[in-house]
Amino acid sequence: MSDTMHVRGAVTSTSPHRLCRPAAQEPHSGARVAREFVHRLSVDDILITSWQRVDDRHFSVSARWPHDHGYFTPRPLILTAETIRQAGLLLSHAELGVPVGHHFILEDLAFTMHPERLDTDTGPTLLRIDVVCGNLRMRAGMLASGRFGMTAHTPGGIVATGHSHVTVASPAAYRRIRGERLTARHTPGLLPIPIPPQLTGSDTEHEVLLSPAGGPNRWLLRIAPGHAAVVKPTSDHVPGMVLVDAALQAAYALTAPDRFVPHTLGTEFHRYAEHGTPCVLEARRVPLPGTTTVQVTGVQDGETVFVSTFTAPDGRG
């Protein structure tokens, strides 16, 4: 799933020779990193605060989880996914030679959380994320594809482990991939009726990403206006984070009224979710001993768009 942001101004691309630098490096720090490095329009949505090179394949990234963000704070699973996404984007631009304006195709995203080790009562949570870059394929000194493995720490211990695989496309390559879809945009209009918010873990109808699809455990994707943090007006397709959140809502709806608190997420993206075409989400339970596991599949035009699997150990779901 592509994740892109076009930036005009004085931003310069990173050096194509980063991998040849000495390993020792002072940390790059500030209140927040540059928006273009994490593909965020609002500074309030930036979770990464600094980064430091350990060696050619290892980095240390600092992040700040807000305690009062209207979108991320009530959704710890989405917050973790977004942190992994931002850390990978940052290192791709700042350390692995990818110019701003190139496109990232997210192939998969997987992680496990340990929320019992988080102290959320004293304000923002500060994290140190150890990043290991593997399977790196470089082209002319620039990342072409790779895997980012991550372990997030707080003083209380490891709070999340996960990874993502990405492929990078130049603007010209992306134009060839998308063809006539390149100019597609989400057009706000009359939304389909949402399912009840309480079934999806949402507070209001404006946050609900599902509408009835005329069958059991099936829903239509609806792009809700309450998701400004992940809906990008300039995107030519539905962003991957919207699909992950919609899948999580489907998992909640399937398991309702039981309490479902998944701590493990695995998502594979197969194709783009296009604007203007119905996308159906289908959820089913997966019989795995000792767990409550739900698999959600997104289908558009008869083809699989993505598959997400959410798992909660028995007693938590």
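The values are calculated or read from the model by the stated rules, or taken from the named source; none is laboratory data. None of the values given here were measured: they were computed from a predicted structure. Don't worry about glycine lacking a Cβ; one is built from the backbone with ideal geometry, like all the others, and counts go over all protein chains shown. To get the accessible areas, we keep the full protein, side chains included, count just its heavy atoms, and leave off ligands, DNA and RNA. Shrake-Rupley method; radii C 1.70, N 1.55, O 1.52, S 1.80 Å.
Return yes when HIS102 is touching a strand residue (DSSP E or B) at 6+ places or on another chain (Cβ under 8 Å) and either of a type in the set (Lys, Arg) or surrounded by 15 or more Cβ atoms within 10 Å (Cβ to Cβ) (or both) and no when it is not.
On the way: touching a strand residue (DSSP E or B) at 6+ places or on another chain (Cβ under 8 Å): yes; either of a type in the set (Lys, Arg) or surrounded by 15 or more Cβ atoms within 10 Å (Cβ to Cβ) (or both): yes.
In short, yes.
Determine whether the stretch 287-307 contains at least one residue that is open to solvent by 10 Å² or more (accessible area, probe 1.4 Å), among the hydrophobic types (A, V, I, L, M, F, W, C) and farther than 24 Å from LEU106 by Cα.
yes
Tell me, which residue of the stretch 119-166 that is touching a Pro at 6+ places or on another chain (Cβ under 8 Å) and more than 18 Å from ALA94 (Cα to Cα) is surrounded by the most Cβ atoms within 10 Å (Cβ to Cβ)?
In this case the residue turns out to be VAL159.
Here's the yes/no breakdown for (1) buried (at least 22 other Cβ atoms within 10 Å of the Cβ); (2) more than 28 Å from PHE260 (Cβ to Cβ); (3) among the aromatic types (Phe, Trp, Tyr); (4) modelled with pLDDT under 95:
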| site | (1), (2), (3), (4) |
| --- | --- |
| CYS20 | no, yes, no, yes |
| SER42 | no, yes, no, yes |
| GLN52 | no, yes, no, no |
| PHE59 | yes, yes, yes, no |
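Filter the stretch 134-152 down to the residues that are within 18 Å of PRO99 (Cβ to Cβ) and among the hydrophobic types (A, V, I, L, M, F, W, C) and list them by number. Show your work before the answer.
Filtering the stretch 134-152 for residues within 18 Å of PRO99 (Cβ to Cβ) gives 136-146.
The answer is LEU136, MET138, ALA140, MET142, LEU143, ALA144.
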Residue tally, condition surrounded by fewer than 20 Cβ atoms within 10 Å (Cβ to Cβ) and touching a strand residue (DSSP E or B) at 6+ places or on another chain (Cβ under 6 Å), over the stretch 261-277: 7
By residue number, the members of the stretch 48-107 that are within 30 Å of ARG176 (Cα to Cα) and of a type in the set (Lys, Arg) are ARG85
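With GLY88, GLY97 as the choices, which residue is at positive phi, of a type outside the set (A, V, I, L, M, F, W, C), buried (at least 21 other Cβ atoms within 10 Å of the Cβ) and in contact with a strand residue (DSSP E or B) (Cβ under 8 Å, 6 or more places away or on another chain)? Show your work before the answer.
Details: GLY88 fails: at positive phi.
Being at positive phi, of a type outside the set (A, V, I, L, M, F, W, C), buried (at least 21 other Cβ atoms within 10 Å of the Cβ) and in contact with a strand residue (DSSP E or B) (Cβ under 8 Å, 6 or more places away or on another chain) holds for just one of GLY88, GLY97, which is GLY97.
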Determine the pairs where a residue that is free of Cβ contacts under 8 Å to residues at least 60 places away in the same chain and open to solvent by less than 40 Å² (accessible area, probe 1.4 Å), located within the stretch 61-85, has a partner that is among the aromatic types (Phe, Trp, Tyr) and not in a loop (DSSP other than H, G, I, E, B) with Cβ atoms under 7 Å apart, the partner being 6 or more residues away or on another chain. LEU79/TRP65
